[in-house]
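S.K.: Got a structure for you, written out below as structure tokens; questions coming shortly.
The values are calculated or read from the model by the stated rules, or taken from the named source; none is laboratory data. A quick note: this is a predicted structure, and the numbers were derived from the prediction, not measured. As a convention, Cβ positions derive from the backbone with ideal geometry for all residues, glycine included, and neighbour counts pool all protein chains shown.
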């Protein structure tokens, strides 16, 4: 008789716990998307392609040797100093930029905050970063260098975006991603992107 | 009042004791299936470099992945961190164009320009191998690539 009186344990909330776990796994597993440093390769040049002549001062040469050491503009450098060196180079603004598509002559960089030195780049849209690596260079180092260079661009874009639109470029891009049809946002993103275009060239490695 | 109470007592509650079992079964199903890989790795799981400026790859159906790293079976494939895996076998850089063209047949023509090649290479691989792949990719006009990296401080 006493056994019959024993109350059953209420297992109703067990389902809730299990559902919670289920939803947790569902969410976390789909979040695990592949991420990486994205790059766009240049198209294959035609056979009779003559490379344009570029002024020495507009090229920022980063050499990585097979011992994973860096030589930046003929000086040895640590990876951690590379970002600042790249920012100084890109943001120098010592001359006038490229002519625009409609033929108006290039203007001086009015948003650059660099030293405007004669011996460094003319304009962010002329500043080319050339990464030359050895065949034996470790991939990890190569990615680190690419990452530092991209960080330099991100810093500059964020700064300019902050100044012009009062929000960082990351936030700007994020809000544009959430609202692809917003024309005003698209213009803002384009404006920042063309102000500091990412020009990183990968030279073929030396063997 | 007493009649009403009697009626309520008489209503049997739906037994929900089996519900957790069903949900747990679903849970285990998802846990097991989501860890499954599409391709078997012939190389050891690459230790990806870390970077801070990473972008997420969207549209998984438009991504083809090339693995570079150390072979799991050094007796057959040889040693070193520069083995390339396409689909589920070890290949050389020369086979990359065929791999890309094959992948292109699986998507509609309008989507081909949005296809991305993700290179999952080990930290200790050599840039030379990556460059070989890159040159082959350029030959077949697969220009969007992503160097797979885990999000981190980058140093």
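S.K.: Output the residues belonging to the range B:57-80 that are within 14 Å of chain A (Cβ to nearest Cβ) and assigned to a strand (DSSP E or B).
M.R.: Correct list: B:63, B:64, B:65, B:66, B:67, B:68, B:69.
S.K.: Taking residue A:84 as meeting all but one of (1) surrounded by fewer than 19 Cβ atoms within 10 Å (Cβ to Cβ); (2) touching a strand residue (DSSP E or B) at 6+ places or on another chain (Cβ under 7 Å), write down the number of the exception.
M.R.: Tallying (1) surrounded by fewer than 19 Cβ atoms within 10 Å (Cβ to Cβ); (2) touching a strand residue (DSSP E or B) at 6+ places or on another chain (Cβ under 7 Å), residue A:84 fails exactly one: (2).
S.K.: Regarding residue B:151, is this residue facing chain A (nearest Cβ under 8 Å), touching a residue at least 60 places away in the same chain (Cβ under 8 Å), under 21 Å from residue A:132 (Cα atoms) and surrounded by fewer than 21 Cβ atoms within 10 Å (Cβ to Cβ)?
M.R.: Judged against the criteria, residue B:151 is not a match.
S.K.: A further question follows. Could you tell me which of the residues A:90, A:59 is surrounded by fewer than 19 Cβ atoms within 10 Å (Cβ to Cβ) and under 15 Å from residue A:199 (Cα atoms)?
M.R.: When all the criteria are applied, what remains is A:59.
S.K.: So, residue A:168, is that one in contact with a strand residue (DSSP E or B) (Cβ under 6 Å, 6 or more places away or on another chain) and either under 30 Å from residue A:142 (Cβ atoms) or within 14 Å of chain B (Cβ to nearest Cβ) (or both) or not?
M.R.: So residue A:168 fails the test.
S.K.: Is it the case that some residue within the range A:105-117 is within 22 Å of the chain's Cα centre (by Cα), touching a residue at least 12 places away in the same chain (Cβ under 8 Å), part of a helix (DSSP H, G or I) and within 19 Å of residue A:155 (Cβ to Cβ)?
M.R.: no
S.K.: To continue, here is another question. Considering only the range B:118-145, state which residues are crowded, with 23+ Cβ neighbours inside 10 Å, facing chain A (nearest Cβ under 7 Å) and assigned to a strand (DSSP E or B).
M.R.: Those that are crowded, with 23+ Cβ neighbours inside 10 Å, facing chain A (nearest Cβ under 7 Å) and assigned to a strand (DSSP E or B): B:121, B:126.
S.K.: Only one residue in A:170, A:177 is touching a helix residue (DSSP H, G or I) at 6+ places or on another chain (Cβ under 8 Å), surrounded by fewer than 23 Cβ atoms within 10 Å (Cβ to Cβ) and either closer than 24 Å to residue A:89 by Cβ or without any contact (Cβ under 8 Å) to a residue 12 or more places away in the chain (or both). Which one?
M.R.: A:170
S.K.: Any residue at all in the range A:190-207 that is under 30 Å from residue B:129 (Cβ atoms), in contact (Cβ under 8 Å) with a residue 60 or more places away in the chain and crowded, with 21+ Cβ neighbours inside 10 Å?
M.R.: Yes, there is a match, as at least one residue in the range A:190-207 is under 30 Å from residue B:129 (Cβ atoms), in contact (Cβ under 8 Å) with a residue 60 or more places away in the chain and crowded, with 21+ Cβ neighbours inside 10 Å.
S.K.: Right, next: If the Cβ limit is 6 Å and pairs must be 6+ apart or interchain, which residue in the range A:1-14 that is surrounded by 10 or more Cβ atoms within 10 Å (Cβ to Cβ) pairs with which residue that is at pLDDT below 75?
M.R.: Close Cβ pairs (under 6 Å, with a partner that is at pLDDT below 75) amount to A:11/B:17; A:12/B:16.
S.K.: Considering only residues that are more than 10 Å from chain B (Cβ to nearest Cβ) and assigned to a loop (DSSP other than H, G, I, E, B), which ones fall in the range A:122-159?
M.R.: Result: A:122, A:123, A:124, A:125, A:126, A:127.
S.K.: Here's another thing I want to ask about it. Which of the strands (runs of 3 or more DSSP E) contained wholly in the range A:13-92 include at least 2 residues that are within 29 Å of residue B:56 (Cα to Cα)?
M.R.: Of the strands (runs of 3 or more DSSP E) lying wholly inside the range A:13-92, those with at least 2 residues that are within 29 Å of residue B:56 (Cα to Cα) span A:35-40, A:59-64.
S.K.: I'd like the residue in the range B:1-53 that is within 25 Å of residue B:126 (Cβ to Cβ) and outside any loop (DSSP other than H, G, I, E, B) and, out of all such residues, is modelled with the lowest pLDDT.
M.R.: Selected residue: B:43.
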